[in-house]
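Reviewing the structure listed below.
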Amino acid sequence: MTGLILKKELKELFRTSKVMWMLGGIIVLMALALYNGTSYYQTHSHLIRESQQVTYQQFISQGDKNPHLGAHFGFYAYKPTADMAMIENGIEDYTGNSFYLEPHKRGVVRFKEISDATGLRSFGFLNIGFFTEFILPLFIFLICHNIFSKEWENGTIKMLLSSKANPRQIFMGKLFACLSLVMGIVVLIAAASFILFISETETVGFISRVLPAYACYLAGLILFSTMMTTIGVSVSLLTRTANLSLIILSGFWLIGVFLLPRLAGELSKNIHPSTTSLEFENNTFNEKQYGVGDEGHKDVRREALLQRTMAQYQVKRIEDLPVFFIPITIEFFEDSDGQVMDRAYQAVDDNEAKQDRLVLNSAWLTPFLAFRDFSMRITATDMKTHNDFASKAEAHRRKIGVIVDDFYQKNTVAGNAFWKTVPQFSYTAPGIGWRISNATDSIFILLGWTVFATGLMVYAYRKMTV
Amino acid sequence: MRLPLINILFRHELKILSRNRVLLSLSALIIFILVSALWIGSSMLRKQEQTIIKISQSEKESLDSLKTRIKRIEAHQMVYPGFIWDDPTFAYNTARNEGPNYAVKKPFPLQVLSIGQSDVQPFYYKVYINKKQYLTYESEIENSFLQFIGNFDFAFVVIYLFPLLIIVFSYNVLSAEKEQGTWVLLKTSNQSIAQMMICRMGIRYLLFTSFFWLIVIPVLMITIGGDALFTVNWTWIMAEVSLYFAFWFALALLVNSFSMTSNVNAMVLIFIWLFTGIIIPNLLQIGLNKVYPIPSRIDMLTAERDAINAYFEKDGQDLTKEVFSSPKSMIRQASVVTPGMVYGYGVIVYKSQEIKDQATAVAEEKLYGQIRKQQEGIRQLQLLSPALMMQERLSALAGSHWYQFNQFSMDTDRFRKKTQEFYYPKMADENTYRTFSIADADAIPKFNAKDYHDFSWLKIWQSFLIYLGIIILLLVSGYRRLLEARK
């Protein structure tokens, strides 16, 4: 019986011109999203790969220089474009991708693309992520909003209820009809993305790296789309008028997609205000210069270091040291200043984590946000992956500092032979296990919403009476 | 149409709207949203103002500290007891330590209405002689995830939410008459249906817009004071926002005139909202990025680093050797920093910086040139999307548009050059490299802060009139179709 209803509904949907127009539009948009995402990935990944080689090449061919001066020339650690940026680029353009590796200066990831974008960017970036998080839910609601209400408005509900089918079968038939359309689009997305992934041949081992995350992403997308369809069909049944159903569903979409996330974002900024660059700079400068607690002024610490070093080498004058003192000083302050900067950046990261948590908690009120968060974490285009990159780049910077300072203690000129001993930087985003554990909260919220949608569905079909 | 009839229609509309529970709940929600958006905008403005106060305090403290230290050294026969790199009588040290001043873009009070580019562009820079500000700063310490989510400001509420509310207000003006069975009555009336529909839509527009400004103006008076409301920018904001609402009402009238069901009307209007508000801007973004791709700042870095490597192959190499191998500077140069070494470092830094600035000029022009071209493209094509047009207008009138931040960035660059011109002669000459005095400290260039609220580049009259024309066209088309409505 459910099958019969499903067939009848599908026939009706395909014979409705507005549904066909919508389907046509949605497929065109999906194609554009795929094109735009692919083009983004290709341009960015190529630039980053090439720039990583160029910057290192510039560093190792800088010629004879004072080791410290040469180390200041440094090179950049570029964050590679995420493998799945073709379908979801998350916050990639908002975090920056360039980390300067130079001595005694804690690196900061720079060059947020958003700084050079026009106002158009605030309207979003059309890729599969944007399509599935913003446009697809609205399409689902437009398809489903009158799937039941039309029966009341056309007066056919009595006929339907007097048939052999029970309310559950009627509901399931209509739900599966809508789901068939929605899943058709999901399958198209899956197939097209897969073709794009396998056609990416520039990166070694790309497809084996992408597949597990891609499978998780698709599972999440199927769950999200099913949930949205269930909510849409249930609301259509409960409201019994197409107009009210449309207003409620589009209001839910608008509030969930635009309003609540932004409102939660502003709330989190006010509850956990960020420090300003000015305060950050002044505080870290003071801590480095005047010391923390009873550490004392930098001059005092430098003098103490000199005394310790002279005692270690059993000499009475700096000039008699068998090693150069400046690199020892640099290494010493790299360590103590590094601790100051680590604390300061950790405080910024902790505050941002609190802000993010508050926003994510608001996803209990909007499944759209939960899915967006899930999508970014699984595709490694989220803040935590970015912080992972930044910490690995900083560790590499310190490693280079130690290599150069050790060399500088005995040499005053470094040539290309030495520069080549400094290792190149490379970064790969963590694997699928890490990403899933990183996305636990959003998965949990999505499951919570699934329970809600199921409950709403049961409640709705029990109310199916004339 | 006679005045008494308009009066009757006005009362009729008021009654209908006030009895519609959905509309009343939506209006309550909108008041809450609007007040929240204005409060959020004003709290951002206050935060910026507080930061600017802290900046001037910080500058004053730095200058006082600098002068005190110089005085102490002068009183001790120019002997500095601390670390040589902190000795302020070296111009190079001062240029790195207490010397750099801030360039500040004062926030324009109407910025509370549109955050625009304020969250992604810096409103202050610490200007160093050796760091190009765009390679050093990007913006305040902001959570990237929150930037990605977007701001909740007045502009967002007006651009995204209000058109949907207008749709709810107006999608069934005609179709409801048919669905409720009052259409036949209307047809038998001796009044023109077309005129009545236009009048009803006009009344709804007036009620809606007046209600809107009645909330916004008092809240603004409380949060930013009345002065900003007597500026040309504010007058234009009122005109543009009212025109934007008029566009959506006129469009709803046209859609109504096709005599479709309320449900189809609502779907068509929502589709137009989605298409013009999200899809067209995205398509424009794809198109403009294809035609005028914006190069990455990485290109500037690469150019800068290539130039430095080339410089150090010959001239830089000689200079470095001179500095690090000179008998003046070399007493075990990797153990003791000598005055000659500090001076030499300063010379290397300034020579390198000159090379870097020259090298990046081309890449910089390419980057900003492409952004300018994209902006020009947006200016020409914004008529395709009322939402985009509104966003561009609001941010320009609020002083938070890219153009205004770019203007600030260029002024900052000029200020940086002025600062370089101040320090370089003092760093580059062996006779002057350790003579930085209190008089010099007082003469360190300062930035003239302003709020960049000029919008003359916008050609606002031109597009205002074009949009007015479009609205009139929509109204006339709707009216003509309604004249033929007989079914």
Q | Which of A:Val413, B:Val337, A:Val109, A:Val359 has the fewest Cβ neighbours within 10 Å, and the rest in rising order | A | A:Val413, B:Val337, A:Val109, A:Val359
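Pairs A:Lys288/B:Lys60; A:Lys399/B:Lys321; A:Lys105/A:Lys392; B:Lys314/B:Lys351; B:Lys126/B:Lys417: which are spaced more than 18 Å apart, C-alpha to C-alpha?
Values: A:Lys288/B:Lys60 21 Å; A:Lys399/B:Lys321 27 Å; A:Lys105/A:Lys392 15 Å; B:Lys314/B:Lys351 13 Å; B:Lys126/B:Lys417 13 Å.
With Cα atoms farther than 18 Å apart: A:Lys288/B:Lys60; A:Lys399/B:Lys321.
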Q | Greater than 29 Å apart at Cα, pairs in A:Lys410/B:Lys67; A:Lys316/B:Lys426; B:Lys105/B:Lys459 | A | A:Lys410/B:Lys67; A:Lys316/B:Lys426
**Q.** Tensor-based shape of segment A:198-305 (alpha-carbon gyration tensor, a/c under 1.5 rounded, otherwise prolate or oblate)
**A.** oblate
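Summarise the partner chain shielding of B:302-309 as one whole number: the mean count of Cβ atoms from other chains within 10 Å of each residue's Cβ.
On the way: counts 6, 0, 1, 10, 2, 0, 3, 7.
Whole-number average of other-chain Cβ neighbours for B:302-309 is 4.
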Q. So how far, in whole Å, is the C-alpha centre of segment B:77-124 from the one of segment A:304-357?
A. 25
Q: Quick one: check the C-alpha center-to-center distance for segment B:225-240 versus segment A:1-20, whole angstrom.
A: 54
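Can you tell me the order of B:307-317, A:83-93 when each peptide is scored by its average per-residue count of other Cβ atoms within 10 angstrom, highest first? Could you put the intermediate results ahead of the total?
On the way: B:307-317: 16.1, A:83-93: 25.7.
Output ranking for B:307-317, A:83-93: A:83-93, B:307-317.
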Q) Expressed as a rounded percentage, what relative contact order does segment A:2-462 have, with Cα pairs under 8 Å and six or more residues apart? A) 26
**Q.** Reach of B:Lys187 by Cα under 24 Å, taken over lysines that are not fewer than 8 positions away in the same chain
**A.** B:Lys15, B:Lys178, B:Lys487
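What size of dipole, in debye to the nearest 20, comes out for the protein assembly as shown about its Cα centre when the only charges are +1 on Lys and Arg C-beta atoms and -1 on Asp and Glu C-beta atoms?
Taking the Cα centre of the protein assembly as shown as origin, the dipole is about 3660 debye.
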Q: Anything in chain A that counts as a DSSP H helix reaching 30 Å or more along its axis (C-alpha) with Kyte-Doolittle mean of at least 1.0? List them, would you?
A: A:167-198, A:206-239, A:440-462
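I need the peptides A:198-211, A:434-447 ranked by packing, meaning the mean over residues of other C-beta atoms within 10 angstrom, with the highest value on top. The partial results should precede the final answer.
Numbers: A:198-211: 12.7, A:434-447: 17.8.
Those peptides, ordered most packed to least, come out A:434-447, A:198-211.
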Q. Once the dipole of segment A:2-462 is set up with Lys and Arg at +1 and Asp and Glu at -1 on Cβ about the Cα centre, which of A:Gly24, A:Ile326, A:Ala192 lies farthest towards its positive end?
A. A:Gly24
Q: Apply the membrane-span-like helix rule to chain B: whole DSSP H runs, Cα extent along the own long axis of at least 27 Å, mean Kyte-Doolittle hydropathy at least 1.6. List the helices found.
A: B:193-224
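For B:Val241, B:Val112, A:Val186, what's the fewest-to-most ordering of other Cβ within 10 Å of each Cβ?
Listed from fewest to most nearby Cβ atoms, that is A:Val186, B:Val241, B:Val112.
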**Q.** All lysines inside 21 Å of A:Lys463 as judged from Cα atoms, apart from same-chain residues fewer than 8 positions distant
**A.** A:Lys150, A:Lys158, A:Lys164, A:Lys174
(Q) Can you give me the long-range amide H partners of A:Phe75? Hydrogens built in the peptide plane at 1.01 Å from N, cutoff under 5 Å, separation of 5 or more residues or another chain. (A) A:Leu101
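Ordered by packing density, taken as the mean number of other Cβ atoms within 10 Å over each peptide's residues, highest first, how do A:401-407, A:286-292, B:280-286 rank?
Details: A:401-407: 18.7, A:286-292: 15.0, B:280-286: 22.0.
Answer by packing, highest mean first, reads B:280-286, A:401-407, A:286-292.
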Q. Which listed residue (A:Ala380, A:Ala390, A:Leu369) has the Cα farthest towards the positive end of the charge dipole for segment A:352-394, taking +1 on Lys and Arg C-beta and -1 on Asp and Glu C-beta about the Cα centre?
A. A:Leu369
(Q) Residue by residue through A:314-326, how many Cβ atoms from other chains fall within 10 Å of the Cβ on average? (A) 3
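About its Cα centre, what dipole magnitude does segment A:62-154 give when the only charges are +1 on Lys and Arg Cβ and -1 on Asp and Glu Cβ, stated in debye to the nearest 20? Don't skip to the end; give the middle numbers.
Details: 8 positive and 11 negative charges, 101 e Å.
With only Lys, Arg, Asp and Glu charged at Cβ, the dipole is about 480 debye.
Rank these for me by crowding, A:Asp382, A:Asp373, A:Asp335, going from fewest to most other beta carbons within 10 Å.
Values: A:Asp382 30, A:Asp373 26, A:Asp335 13.
So the residues, fewest neighbours to most, are A:Asp335, A:Asp373, A:Asp382.
Where nothing but the Cβ of Lys and Arg (+1) and of Asp and Glu (-1) is charged, how large is the charge dipole of segment A:2-462 around its Cα centre, in debye to the nearest 20?
Details: 43 positive and 42 negative charges, 399 e Å.
Its charge dipole is roughly 1920 debye.
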Q | Leading residue at positive end of dipole, chain B (Cβ point charges), from B:Ser259, B:Leu284, B:Asn143 | A | B:Ser259
Q | Length released on extending from A:Glu279 to A:Ala191, taking residue separation times 0.36 nm less the Cα-Cα span | A | 26.7 nm
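Rule-based calculations on the coordinates, nothing more; no lab input. These figures come from a predicted structure and were not determined experimentally. For neighbour counting, all protein chains shown are included, and Cβ atoms are generated from backbone atoms with ideal geometry for every residue, glycine included.
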